Amino acid sequence: MSRALTVGAVSAVAAIAMSAALSGFRAGQLSLFLIFAVLAVSLDFVWGYTGILSLGQLLPFGIAAYTAAKIATAAPSLSVPALIVAAIVGAAIAAGVGVAMLRRRPTAVVVGLLTLVLSLTLEQIAEQWRDVTGGFNGLTGVPRIGAFGTQLPDAAQDIGISVLALGAITVVGVLVSRPIGAVLVGIRSNERRMEALGYDTVRIKIWAFTVGGAVAGFAGALYVYRTSFVSPQIFGFALATNVVLWTLVGGRGTIVGPVIGALAINFASATLADVWLQYWTLATGVIFVLVVVVMPHGLVPSLQRLFRLPTARRRQPRLVRSDSHAVTTSPSVRRTAIFEAVDVEKNFGFFRLLDGVTLTMDEPELRCLIGPNGAGKSTLLDILGGQQGCQAGTVEVLGHECTGRRPWEFARHGVSRKFQSPQLIGDLSVAANVAIAAWGTRSSPWSLVRSSWNAHIPQPALEILERTGLDELLETPAGELSHGDKQWLEIAMAAAGECRLLLLDEPTAGMTVAESLDAAALLRELHAEHRLPIVIVEHDMAFIRAVADRVTVLARGSVLADGTVAEIESNPDVHAIYSGVDG
Ligand code: ADP
Ligand code: MG
């Protein structure tokens with residue numbers, strides 16, 4: 001927190017110094033453009049970090065502006081409460097929209113269109129509802145910021161607003177520098193992975209949308225004090241698209257980017273519009289296209305990459321050994337089967353993939369699941385891990401009935417999953433990926449704001465990192481790892497959470513023969529030391545011989561055979577299925 005205070009103090013001094021250095025007119029412009037920067041930062045928090053393309057940040061911004069205008073007109077001395085109420089109103093509006101919209105898991109395009117339409121609808125309502133909003137002309141003559149019966153003079157108000165705007169930007173900057181910032185990036189780049197790690201991603205997205213709404217609402221109130229009026233155009237198309245432009249040009253997913261974008265484009269627009277009024281709209285269009293083509297990540301990230309600035313590196317978590325072994329089979333679970341999938345049926349349209357499959361595990365064992373391509377092995381793991389449901393049959397995992405549950409609930413019960421194609425957070429470092437895996441099963445958004453950057457990692461996950469050399473690559477972005485290292489990282493992540501059942505889909509794909517035998521030894525050790533139940537989908541018979549207690553063969557929609565490796569290898573039905581197929 002002391003760091004936050006320092007940053008806040010520096011911002012305040014910077015704002016005062018900048019305002020003092022500029023002429024009164026420029027200082028006024030600066031305060032207005034900093035308000036726009038706050039709006040852009042609120043969009044960046046929601047879109048750049050969390051991945052929700054909201055074209056409706058004007059909704060909380062505008063409604064809060066009208067609210068603040070009403071309060072300021074009725075009680076000019078109540079500016080501080082008005083600013084607070086505006087932030088609360090912005091949060092409430094965003095929470096309402098977020099709950100109604102995000103729980104249905106819409107695609108990005110639908111979110112964008114829906115929020116834009118809502119904003120434009122509000123423009124119409126504000127025009128029609130004259131008694132409250134003042135109709136087309138809006139509410140004018142809003143008094144300046146005031147308290148105890150006096151109003152701030154113009155120049156002081158400009159400085160005050162600049163300080164408050166920079167304060168709001170700093171608050172968002174501090175938020176994203178906390179572990180929640182890494183989690184939001186995770187949700188943006190791979191929501192499926194985050195859900196499988198135990199994050200209730202919908203809840204976190206609604207939380208982020210709400211925080212973004214509070215910031216936009218605060219900006220809305222500042223806007224009213226700064227301009228002394230508010231009209232329906234505050235919800236309009238022009239401002240909605242401009243906010244996206246500032247954020248995109250400056251650089252999504254950084255806080256500095258949208259601030260620079262908003263300031264640069266607005267100062268340029270204010271200066272050049274006098275000279276070339278008729279060309280300015282055209283110029284913004286050209287800037288937009290140029291940025292998309294030349295610098296798709298925006299100005300700040302491109303410069304950071306170009307000059308390899310250290311600020312491009314995110315804060316890294318510290319991996320510390322956890323005292324408690326998260327990888328355990330808890331006694332409460334041991335009274336029931338580890339999992340029990342009975343008569344499972346899975347259809348895709350008219351195509352029946354799984355037709356009455358029964359797969360159970362009573363005692364912790366190391367089970368391999370084999371079968372020809374397309375037999376439904378990955379789908380069966382999806383059903384055990386909650387990524388997919390099934391049409392008929394019952395599934396119980398670690399003592400919990402599974403129907404209608406989300407993957408994050410499975411993860412919180414102890415189901416850890418490695419997918420067939422590695423699902424990592426490519427933008428984040430190896431350490432951050434492992435830390436996110438460790439935080440996943442115990443975290444709410446606010447606890448991720450407060451918690452430290454230390455991640456308590458259970459011994460087995462640390463062992464995997466050490467034995468595979470990934471502990472030397474902790475700061476490397478996961479997206480830059482070799483395919484084999486990606487596989488290992490994902491296995492380490494699966495072991496880093498609250499792991500009571502490990503589901504691995506083709507863990508050795510992309511590994512050399514030696515590496516895959518190493519993997520077999522490591523998994524056997526994990527299993528033996530912690531009595532950890534493991535299910536592995538594999539093709540490679542050498543690996544299976546080295547690792548498996550028992551093998552289940554899936555073919556033609558049902559279980560073809562089940563037994564020890566030797567039994568399976570001498571089974572003529574299995575030979576028939578695999579004839580012509582290597583391994
Ligand atoms: P395996 O892992 O044994 O190779 P999968 O479980 O990946 O098999 O999938 C088996 C088959 O199920 C695929 O070949 C595909 O035809 C079908 N399938 C899987 N997922 C879907 C889906 N979402 N929609 C339609 N068909 C699917
Ligand atoms: Mg598969």
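Some observations on this one:
- Selection status of Leu522, more than 16 Å from ligand 1 (Cβ to nearest atom) and surrounded by fewer than 24 Cβ atoms within 10 Å (Cβ to Cβ): yes
- Restricting attention to the stretch 525-583, the residues being closer than 20 Å to Phe339 by Cα and free of Cβ contacts under 8 Å to residues at least 40 places away in the same chain number 5.
- One residue from Ala100, Ala14, Ala68 being assigned by TED's automatic domain parsing to the domain that holds Arg226, surrounded by fewer than 24 Cβ atoms within 10 Å (Cβ to Cβ) and under 19 Å from Val211 (Cα atoms): Ala100
- In the stretch 525-571, the residues that are away from ligand 1 (no atom under 16 Å from the Cβ), among the polar types (S, T, N, Q) and buried (at least 16 other Cβ atoms within 10 Å of the Cβ): Asn571
- Single match in Arg178, Arg188, Arg192 (criterion: in contact with a Lys or Arg (Cβ under 9 Å, 6 or more places away or on another chain) and basic (Lys, Arg)): Arg178
- Among all residues of the stretch 485-499, there is none that is closer than 27 Å to Pro407 by Cα, more than 24 Å from the chain's Cα centre (by Cα) and more than 16 Å from ligand 1 (Cβ to nearest atom).
- Among (1) part of a strand (DSSP E or B); (2) buried (at least 19 other Cβ atoms within 10 Å of the Cβ) - the single one Val574 does not satisfy: (1)
- Selection count where residues are within 19 Å of Ala411 (Cα to Cα) and within 16 Å of ligand 2 (Cβ to nearest atom), scope the stretch 331-387: 9
- Taken as a whole, the stretch 460-467 holds no residue that is at pLDDT 90 or above and under 25 Å from Tyr49 (Cβ atoms).
- Some residue of the stretch 421-433 being polar (S, T, N, Q) and within 16 Å of ligand 2 (Cβ to nearest atom): yes
- Residue match in the stretch 353-367 (condition: more than 19 Å from the chain's Cα centre (by Cα), within 15 Å of ligand 1 (Cβ to nearest atom) and either surrounded by fewer than 15 Cβ atoms within 10 Å (Cβ to Cβ) or closer than 30 Å to Thr50 by Cβ (or both)): no
- Verdict on Val244 being assigned to a helix (DSSP H, G or I) and surrounded by fewer than 17 Cβ atoms within 10 Å (Cβ to Cβ): no
- Of the helices (runs of 4 or more DSSP H) that lie entirely inside the stretch 61-138, those containing 3 or more residues that are within 21 Å of Gly236 (Cβ to Cβ) and polar (S, T, N, Q) span 108-128.
- Hey, Ala555 of a type outside the set (D, E, K, R) and at pLDDT below 85 or not: no
- Candidate set: the stretch 500-513, residues that are part of a loop (DSSP other than H, G, I, E, B) and of a type in the set (D, E, K, R); chosen: the one farthest from ligand 1 (Cβ to nearest atom): Arg500
- Tally, over the stretch 32-57, of residues that are over 19 Å from the mean Cα position of the chain (by Cα) and of a type in the set (Val, Ile, Thr): 2
- Single match in Arg556, Arg545, Arg550 (criterion: within 16 Å of ligand 2 (Cβ to nearest atom), of a type in the set (Lys, Arg) and under 27 Å from Ala375 (Cα atoms)): Arg556
- Some residue of the stretch 425-442 being away from ligand 1 (no atom under 16 Å from the Cβ), at negative phi and of a type in the set (Ser, Thr, Tyr): yes
- Taking every residue in the stretch 371-394 that is farther than 20 Å from Met194 by Cβ and pairing it with any residue that is assigned to a helix (DSSP H, G or I) and of a type outside the set (A, V, I, L, M, F, W, C), at least 6 positions away or on another chain, the pairs with Cβ-Cβ distances below 6 Å are Gly371/Lys377.
- Only one entry in Gly8, Gly28, Gly48, Gly56 is within 20 Å of Phe218 (Cα to Cα), assigned by TED's automatic domain parsing to the domain that holds Ala214 and in contact with a Pro (Cβ under 8 Å, 6 or more places away or on another chain), namely Gly48.
Condition check ((1) closer than 25 Å to Gly484 by Cβ; (2) in a loop (DSSP other than H, G, I, E, B); (3) away from ligand 1 (no atom under 16 Å from the Cβ)) across all residues:
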{"position": "Asn373", "(1), (2), (3)": "yes, yes, no"}
{"position": "Leu381", "(1), (2), (3)": "yes, no, no"}
{"position": "Gln387", "(1), (2), (3)": "yes, yes, no"}
{"position": "Thr394", "(1), (2), (3)": "no, no, yes"}
{"position": "Thr403", "(1), (2), (3)": "no, yes, yes"}
{"position": "Glu409", "(1), (2), (3)": "no, no, yes"}
{"position": "Arg412", "(1), (2), (3)": "no, no, yes"}
{"position": "Arg417", "(1), (2), (3)": "yes, no, no"}
{"position": "Gln423", "(1), (2), (3)": "yes, yes, no"}
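- Pick from the stretch 337-352, criterion under 28 Å from Leu526 (Cα atoms) and not charged (D, E, K, R), ranking: farthest from ligand 1 (Cβ to nearest atom): Ala337
- A single entry from Thr227, Thr210 fulfils the requirement of being at pLDDT 95 or above, at negative phi and not assigned by TED's automatic domain parsing to the domain that holds Phe410: Thr210.
- Tally, over the stretch 425-452, of residues that are surrounded by fewer than 20 Cβ atoms within 10 Å (Cβ to Cβ), of a type outside the set (Asp, Glu) and part of a loop (DSSP other than H, G, I, E, B): 4
The values are calculated or read from the model by the stated rules, or taken from the named source; none is laboratory data. It should be emphasised that the depicted structure is a prediction, and the values quoted were computed from it without experimental measurement. All Cβ positions, glycine included, derive from the backbone under ideal geometry; neighbour counts span all protein chains shown.
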